[in-house]
Each structure stands twice: as C-alpha cells, then as structure tokens.
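A short write-up of the structure that comes next.
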Amino acid sequence: MGMQSRKMVSLVVALILMLSLVSACSNNNNGGNNGNGNGASTSDATTKPSENTATDAPAGIDTSKKVELQLYMLGNAPKDLPKIEEEVNKMAMEDLNATVKFNYTTWTDWEQKYKLLLSTGQDVDLIFTADWTQFQQYAKKGAFLKLDDLLPVDAPELYDFVPQDMWDAVRIDNNIYTIPATYKEYVTNGFVWREDLRKKYNLPTPVDIASFEAYLDGIKQNEPDMQPLAIGADLGGALSDPFLDIHRHIVGALPYGMFATYENPSEMTSYWGSPEHLEDLQTFKRWADKGYISKNELNETESNQDKLTAGTAAAMLGDNPTRFNSTNSNMQSVHPDWELGYSPYGLTTGYATPVHPIHNGFAIPKNSKNADRALAFYEKLVMDKRYNQLTEYGIEGVNYTVDNGYYKMVGNADTNGFLRENMNGWAWRNPEFMLFEPSYDGVQKIFTELDKIQAPDIYTGFAEDYTDYQAERAALEQVEKQYLFPLMAGQVKDVEAGLKTFMEKANQAGLQKVQEAYKKQWLTYLDEQGIK
C-alpha cells in the first residue's frame, strides 16, 4: 500500500472514532438532561399529558433523601383513602423517593383548623387554597412561599400547562403563591331540592326565596319526619351567603356585614343592623319555628349533600351545578327512584360569573421543608394520568369502570369506599383526564345556559389587607359566632333585641373601624380595575 493510501485509511479511521465519541457524548447528555434511567430520548420524555407514563423527577431536584410530604385537604376523608394513599405512594416512591400523607380537616370548624395549620408552624407541604379559604389575605400575610422561581425548575411541565393569563390572575402583589385549576366551570349557587317529592305533592319549583319557602312548607306538611332544609354548622356559607346572593344580589361573600350589589358595586353600605338584615333574620327565625331546619344545626357534622343522599333532608338553599350532579348521582345509586332538581340563581338574577382561577388551588406553606419535592409531586397529580385518575376516581375496576367513555360507579354510594372526586381534589382536575357520568351532560347544558348570561367575577380578584385592623377583625369573629350565628339559626326568641345586642357587641369590637378600612380598599380596587 502506498504512502498516500495509508494516509487516507488513517484519516477515515480517525473520522470514524471521532464520530463515535460525539455520538456517545450526545447520548450521555440526553440521559442526564432527561433524568431518565431507561435511556429514553428527549422526545420520549416530553409526551403530552394525556399520554403520560412513569417519569422521573425534574432534573434539578435532589431526591437522594426519602421524605414524607404532608398534604392537607378540606372536608371529610373518603372511606377508602388508605387504599388510594397506598397506591399513590408506590408510584411516588419510585418516581420521587417520597411518600405522601393526605390529611383532612373535616367540615367541622375547618376554618379554625385551617388557621392553625398556617399560623402555628405545623409540618405542611401542600395545602388547598380558595377565595373562600381567604387565600388572598393569607398570601398577603406571608403564609405561603412565592412560587415564581420554583415552578419552572421543580414543575416545568405544570408551569407550561397552566395558561399565562391564569398565572397572572392568581398573583398577589405581583407574585404567584398558588397553582390554579384549569377546568372552566360555574360554581355559582342554585336551589337544590327533591324533585320526586315536588312532583308527588305538586309543590312549586324553587326559583326565588318565596317559591323555595313554599316548597319547604309543602315538605313539612307532607313529610313530617324529614328535615326540609339542610344547613349545617356553616351558617355563613350555607345560609346567609346564598340567601344574600339570590335575594339581595350581593357581590361576592363580602365580610364584616358590608354590602354592595353586583349592579352597583361601589355603593357599599353596612348590611349588619339594617332593616334588610332584620327582615332576613326574621325569615330565618320563621324557618326555624316552622321546623324547616334542625334545632341542632350549629352542631351538625354530616354534610348537607350526605343528608340529601340519605333522604334525611329534602333541600339545600344553594349549591353549584357540579356538586349538585354528584349528589344526585350518589343518591340515585342507592335510591334509583329518587330525583334531585336544580335551578341556578343566574336564571333568576340574569347573570352568572364563571369560576375565577383563585377558586381552586394548592399552595406551599412557608414552613415547608420539602418545597421542591412537593411541587414535583403536585405536578404528578395534575399531569400524570395514573396519579390524576387514581386520586380523582379511585381504583379502576374496584371503585369505578369506564363505560363508553363515561365514568360508572361500582356498587353504590353506601358500598363504594371512594366515590367520584371523593378526595375533594377539585384543584388538580385536568380536563384531558376527566371522566364524567352520563348525567353530567345535564351540567354541561346548565353551563351552556349560563354562558349566555355570563358576567365577569368582580369580587374574587380583590385581596384585602387587614394588617391595620387585625385585632378588631379577630374580635369580630368571636362576636359573630357568639351573637350572630344563633340569630341566623333561629335560636333567639326576640330577633330585634338579639340583633341590637349583636350590633352593640360588634361596635365594641371595632366594627366601624374595620368597615371603613375595608370599604376604602374595596373602592381603590374597583378604581384600579376600572369597575364602575
């Protein structure tokens, strides 16, 4: 072989070796970036959410040390929670070297329990947030970690999945403190009643307070052993707020007895102590005297929905379309011949507001020691189909089956230990994975009707800062529980005298200072948002 040929062969061999090294380095880099022990390519590791299979933690997270994440939910735990938790932890150990403990507050005194969780430095890594849990106020007080810098690193897929306008909508003082749900729905209130009993006794269809009261009266006369109206211990959320919503057109669940209508939000007055307040309390007293509500209402622990399912109560003053559908399905699984009716307030008031992104979310309390792992796990709940459907619907074949694309409960509400969305996992719903019962088509029809009259939510974006009146605010809470709640439950014989006593105690606690400060913030918010 000549010198020139030998040089050519050497050049070819060197080129082959160089290409082999480049290829090997390229493969090693891909493996490192993906954090994928099975050598999957970049395209394999970035599948769409609906195609998710097991994936490792994001590359920037240290999973060398095993941790147990403490996740806190509101409400009551499902019966089969230990079984679901066990299955979740099998996956979480493999994916994140972590286990998760799902804790529940129960619905009894949940507000006080929630406050203690965030104020006493307890071990909490993830906690449910909503406008009705006072997310905005807690965020302003520094109860949660800022997530702006953590999300792109610890939950990049989730960060990209949530639309930018939703991230912007949940910002408090220009920071992200919670991860919003992306499922669009209406959680506006509507009357709920036993439709089969309404038909049986030819009672009016509830569309306003007058027709609702007539329905309750008919139930009391014809079903004397049944409680006509389920209220429970949450007299604000289950009685006063929905009553003001449908009867007075109040804008949101305004606190401290403040009142403004949706039509004229800047005209804010004091509802507490007004002639309207006295009239409404007298209505509640009349309902109690007629036996529409339980005399033990303030101590109730069973949910209002469970009372309807069991047939111990015949109506609720207000509930949202989705939960109405769930209650109806659970009830009919046990009593197929029973039926619930529903009338959204919007069809009476002429407007309905779609859910605000703040309404369902999850935040990381400032005391969490495992923020990175908590975000990575929450990304799994939302983006990984295995985690998502397990925690929303239970174990397929045990708790539910899929029939022609629809969710189907196994057994009934009494025998099934994990009903649809039984974990109250509203915040991690993923529209791509959601399973609905055939009856949910009716909810979609309600949503379609409400779409025609939808109006912006002008309340939920408001973030109150009560720093300057925190002591007065705390004192008012105690006065409200001691003097106003018994009035609302109809347990005070002389309503007018009882209201006078409540107002005296409220004023002593600093009501005027609180109302004036709140009104000032509210009007500033309306001005900044251009809301007239």
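A short reminder: the numbers here are calculations on the coordinates, not readings from a lab. Quantities reported herein were computed from a predicted structural model and do not represent experimental measurements. Counting neighbours? That spans all protein chains shown, and the Cβs are built from the backbone with ideal geometry, glycine included.
What shape does segment 216-365 have by the C-alpha gyration tensor, where a ≥ b ≥ c are the square roots of the eigenvalues, rounded means a/c under 1.5, and otherwise prolate means a/b greater than b/c and oblate the rest?
oblate
Please give the net charge around Leu235, taking every other residue with its beta carbon less than 11 angstrom from that of Leu235, where Lys and Arg add +1 and Asp and Glu add -1.
Counting the neighbours of Leu235, the net charge comes to -4.
Any idea which of Thr460, Phe433, Gln470 is furthest toward the positive side of the dipole for segment 426-532, if Lys and Arg beta-carbons carry +1 and Asp and Glu beta-carbons -1?
Gln470
For the ranges 420-428, 469-477, 157-165, what's the packing order if you count other beta-carbon atoms within 10 Å of each residue, average per peptide, and put the highest first?
Working: 420-428: 21.8, 469-477: 17.1, 157-165: 15.2.
Highest mean packing first, the order is 420-428, 469-477, 157-165.
Once log10 I(q)/I(0) by the Debye sum over Cα atoms at q = 0.06, 0.10, 0.12 Å⁻¹ is worked out from the coordinates, which option in (i) -0.29, -0.84, -1.23; (ii) -0.44, -0.86, -1.09; (iii) -0.34, -0.87, -1.23 does it equal?
Read-out taken from this structure: (iii).
I need Lys385, Lys520 ordered by Cβ neighbour count within 10 Å, fewest first.
The most exposed by this proxy come first: Lys520, Lys385.
Taking the number of other C-beta atoms within 10 Å as the exposure measure, put Ile395, Ile364 in order starting with the fewest.
Ile395, Ile364
Between beta-carbons, use under 10 Å as the cut-off and find the net charge around Trp426, counting Lys and Arg +1, Asp and Glu -1.
-1
How large is the helix-only mean residue ellipticity at 222 nm for the chain, computed as the sum of -39500 (n - 2.57) over DSSP H runs with n ≥ 4, divided by its residue count, in deg cm²/dmol to the nearest 500?
Mean residue ellipticity at 222 nm (helix-derived): -13000 deg cm²/dmol.
Working out 0.36 nm times the residue gap between Gln478 and Lys493, then minus their Cα-Cα distance, what length gain in nm do you get to one decimal?
That pair, Gln478 and Lys493, stretches by 3.3 nm at full extension.
Pull out the extension gain between Asp217 and Asp160, defined as 0.36 nm times the separation in residues minus the alpha carbon to alpha carbon distance; nm, one decimal.
15.3 nm
Using only the Cα atoms of segment 257-339, build the gyration tensor, take square roots of its eigenvalues as a ≥ b ≥ c, and label the shape rounded, prolate or oblate: rounded if a/c is under 1.5, else prolate if a/b is larger than b/c, else oblate.
Numbers: a/c = 3.19, a/b = 1.72, b/c = 1.85.
Oblate.
Of Phe324, Thr353, Thr283, which is farthest on the positive side of the dipole of segment 277-357, counting Cα position, with +1 on Lys and Arg Cβ, -1 on Asp and Glu Cβ, and the Cα centre as origin?
Of the listed residues, the answer is Thr283.
Mind ranking 61-67, 331-337, 305-311 by how tightly packed they are, going by the mean number of other C-beta atoms within 10 angstrom, highest first?
Ranked by mean Cβ neighbours within 10 Å, highest first: 305-311, 331-337, 61-67.
Sorted by average packing, counted as other Cβ atoms within 10 angstrom per residue and highest first, what order do 313-319, 84-90 take? Walk me through the intermediate numbers first.
Values: 313-319: 25.4, 84-90: 16.4.
Top to bottom by mean Cβ count within 10 Å: 313-319, 84-90.
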